[in-house]
Amino acid sequence: VSVYMDGIFVNRTSIILETNFNDIDRVEVVEGPQGTLVGRNSTGGAINFISKAPTKTFSFENTLNLGNYALIDEAATVSGPLADNIYGSLSVSQYQHNGYVHNVYPGYPDAQAANRTGIRGQLRWEPTSNIDDTLRADYLSTHEDFITSGTFLLLPAAITPLAASTFHNYRKVDLDVTPVATELSYGLSNELNWRFNDHWSLKSL
């Protein structure tokens, strides 16, 4: 199943699936196979995330979720006019929480923590009533302590002496090294629409 953002194929799905931007207008889903219509890697179908266009009047929206494990999930979007026929929007997503898996090894952090920061900006230009051009940029940074299922399958002696007390307990682990996942991802895209009349139009992505 291929993933698209505003019609652009995205091989960095983390920019969508690991952020909670609140500027999403809708999600379009088509069943597969879709190789002829949207690309060869769409045997199972395609998912297209459509973002809200920059507004012509000033607007601001903030979404905040709090939970256990010190969860902070906040997204904010500001949008409005910048100059004549030019409009912009900026969205920020911050998602973080403490580790779900307790590490009993003294002095080392718990695992499965999250720390993700995403930024997305749009700049829309409407030189005429039938032409518009939108430039989009996105950025994602992650730095997280994680544990894979393979970690729990190690023999107790391969970890530390305390591992025997936590082996087969998937809520605890005994590791003197916590694996860290880091990612720095960014992208740039442009969408040009030219409407000739009620029946013909041209789109360039």
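The values are calculated or read from the model by the stated rules, or taken from the named source; none is laboratory data. Remember, predicted model here, so these are calculated numbers, not experimental data. Cβ coordinates were reconstructed from backbone atoms using ideal geometry, including for glycine residues, and neighbour counts include every protein chain displayed. The protein model used for the area step is the full one, side chains on, heavy atoms only, and it has no ligands, DNA or RNA in it. Shrake-Rupley method; radii C 1.70, N 1.55, O 1.52, S 1.80 Å.
On inspection, V101 fails the criterion of being aliphatic (A, V, I, L, M) and either under 22 Å from F60 (Cα atoms) or surrounded by fewer than 17 Cβ atoms within 10 Å (Cβ to Cβ) (or both). The C-beta contact set for the stretch 70-95 (first residue of a type in the set (D, E), second residue open to solvent by less than 30 Å² (accessible area, probe 1.4 Å) and in a strand (DSSP E or B), distance under 9 angstrom, 6+ apart or interchain) comprises D73/S93; D73/H97; E74/S93.
Among the residues of the stretch 57-89, those that are surrounded by fewer than 16 Cβ atoms within 10 Å (Cβ to Cβ), touching a strand residue (DSSP E or B) at 6+ places or on another chain (Cβ under 6 Å) and under 29 Å from P127 (Cβ atoms) comprise F58, S59, F60, E61, P81, L82, N85, I86. All of G150, G118 fail the test of being outside any loop (DSSP other than H, G, I, E, B), open to solvent by less than 50 Å² (accessible area, probe 1.4 Å) and either more than 20 Å from I24 (Cα to Cα) or at pLDDT below 80 (or both), apart from G150.
Strands (runs of 3 or more DSSP E) fully within the stretch 8-102 that include at least 2 residues being over 30 Å from I131 (Cα atoms), under 20 Å from the mean Cα position of the chain (by Cα) and not hydroxyl-bearing (S, T, Y): 59-67, 71-83, 86-97. If you filter the stretch 15-56 down to residues that are touching a Ser or Thr at 6+ places or on another chain (Cβ under 9 Å) and of a type in the set (A, V, I, L, M, F, W, C), you find that the one that is farthest from G121 (Cα to Cα) is V30. Screening N169 with (1) on the phi < 0 side of the Ramachandran plot; (2) open to solvent by 80 Å² or more (accessible area, probe 1.4 Å); (3) modelled with pLDDT under 75 gives one miss only, at (2).
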